[in-house]
1. How many residues are out of contact with any Pro (no Cβ under 8 Å at 6 or more places or on another chain) and part of a loop (DSSP other than H, G, I, E, B) when one looks only at segment 156-167?
2. Tell me, yes or no, whether segment 192-201 has at least one residue that is assigned to a helix (DSSP H, G or I), touching a helix residue (DSSP H, G or I) at 6+ places or on another chain (Cβ under 6 Å), under 29 Å from THR28 (Cβ atoms) and open to solvent by less than 20 Å² (accessible area, probe 1.4 Å).
3. Can you find, within segment 43-66, the residue that is nearest to ILE95 (Cα to Cα) among those that are free of Cβ contacts under 8 Å to residues at least 24 places away in the same chain and in a loop (DSSP other than H, G, I, E, B)?
4. Any idea how many residues of segment 135-155 are more than 16 Å from the chain's Cα centre (by Cα) and either surrounded by 12 or more Cβ atoms within 10 Å (Cβ to Cβ) or assigned to a strand (DSSP E or B) (or both)?
5. If you take the residues of segment 156-176 that are closer than 27 Å to ASN218 by Cα and not hydroxyl-bearing (Ser, Thr, Tyr), which of them is least open to solvent (accessible area, probe 1.4 Å)?
6. Looking only at segment 181-190, decide whether some residue is open to solvent by 30 Å² or more (accessible area, probe 1.4 Å), within 21 Å of the chain's Cα centre (by Cα) and under 24 Å from ARG77 (Cα atoms).
7. Go through segment 202-213 residue by residue and tally those that are of a type outside the set (Ser, Thr, Tyr), part of a helix (DSSP H, G or I) and out of contact with any Leu (no Cβ under 6 Å at 6 or more places or on another chain).
Amino acid sequence: MKFIGIIPARYASSRFPGKPLADIGGMTMIERVYRQASKALDSVMVATDDSRIYDEVKRFGGEVVMTSEAHRSGTDRCYEAYVKSGSDADVVINIQGDEPFIDPAQIEAVMQCFVDEPTTPIATLVRRFDPALGWNALFNPNTPKVVLDNDGNALYFSRSIIPYVRGHEWTEWIDSAVFHTHVGLYAYRADVLGEITSLPQSSLELAESLEQLRWLQNGYRIATALTTAPTIGIDPPADLERAIASLA
């Protein structure tokens, strides 16, 4: 089974324009993501809509494809890049371009979902919530939650806390049930990627602003792999200081 990692990277960001080119310890963010992904994958490429990012990837010797500015999501950008590349990979891994220290073991864990079960259509990462982080972290709508079936497939994702713990005050919930949060790393069988990018946005996706709900609502199974590795995502510029501090 062949895998390809694709890193969607946009220059235009309302909260952090030019984020992929931000310097982290003498290396751009996009180069750090690329090099980390290459530790787990033989084939990696960046999918961008900006010539500055394209030129930067070429500068450090990476593979890069120019894609449309009109894409609604990184998933759509991944599919265009996959088609343009002429790759014959069976599985496409969508790697977030704003996680410069992504653990290669996380990528490998998602890949294993397809090795163990080649019919897996889509896979993603989840993390068991650590109660020590406190209820504020659990209730944060910017941290999607996920509930799983007995085989580890996703039943639903939500910005609200799920499951609801009946019979307990909300301050007791984190000590009364097991919660999982979603880590935004996706992998898709190549044919499935083509199918899901042609689907219209669904009602649940529009309600929660979570594209994976479109796939679930249309009947696609999403397998999950469990990770305990920490992630440092860069969203607003303030996160950059935390990333640089981690190098010390």
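The values are calculated or read from the model by the stated rules, or taken from the named source; none is laboratory data. Please read all numbers here as calculations on a predicted model, not as lab measurements. Using ideal geometry, Cβ is built from the backbone for each residue, glycine included, and neighbour counts are taken over all protein chains shown. Protein only, heavy atoms only, side chains kept; ligands, DNA and RNA dropped before computing areas. Shrake-Rupley method; radii C 1.70, N 1.55, O 1.52, S 1.80 Å.
1. Looking only at segment 156-167, we keep the residues that are out of contact with any Pro (no Cβ under 8 Å at 6 or more places or on another chain), and these are 156, 161-167.
Subsequent filtering for residues that are part of a loop (DSSP other than H, G, I, E, B) retains 161-167.
Matching residues across segment 156-167 total 7.
2. The answer is yes; a qualifying residue exists.
3. From segment 43-66, those free of Cβ contacts under 8 Å to residues at least 24 places away in the same chain are 51, 54-55, 58-59, 61, 63-66; that's our starting set.
Those still in the list that are in a loop (DSSP other than H, G, I, E, B) too: 61, 63.
On the way: GLY61: 18, GLU63: 14 Å.
That would be GLU63.
4. Of the residues in segment 135-155, the ones more than 16 Å from the chain's Cα centre (by Cα) are 135-141, 147-153, 155.
Those left that are additionally either surrounded by 12 or more Cβ atoms within 10 Å (Cβ to Cβ) or assigned to a strand (DSSP E or B) (or both): 135, 137-141, 147-148, 152-153, 155.
The total comes to 11.
5. First pass over segment 156-176, keeping only residues closer than 27 Å to ASN218 by Cα: 156-164.
Those left that are additionally not hydroxyl-bearing (Ser, Thr, Tyr): 157, 159, 161-163.
Working: PHE157: 1, ARG159: 73, ILE161: 25, ILE162: 33, PRO163: 51 Å².
The selected residue is PHE157.
6. Filtering segment 181-190 for residues open to solvent by 30 Å² or more (accessible area, probe 1.4 Å) gives 189.
Filter again for within 21 Å of the chain's Cα centre (by Cα), leaving 189.
If we keep only those that are under 24 Å from ARG77 (Cα atoms) as well, we get 189.
Looking through segment 181-190, at least one residue is open to solvent by 30 Å² or more (accessible area, probe 1.4 Å), within 21 Å of the chain's Cα centre (by Cα) and under 24 Å from ARG77 (Cα atoms).
7. Taking segment 202-213 and keeping what is of a type outside the set (Ser, Thr, Tyr), we get 204-208, 210-213.
Narrowing the set further to residues that are part of a helix (DSSP H, G or I) leaves 204-208, 212-213.
Now drop any that are not out of contact with any Leu (no Cβ under 6 Å at 6 or more places or on another chain), which leaves 206-208, 212.
The number of residues fulfilling the criteria is 4.
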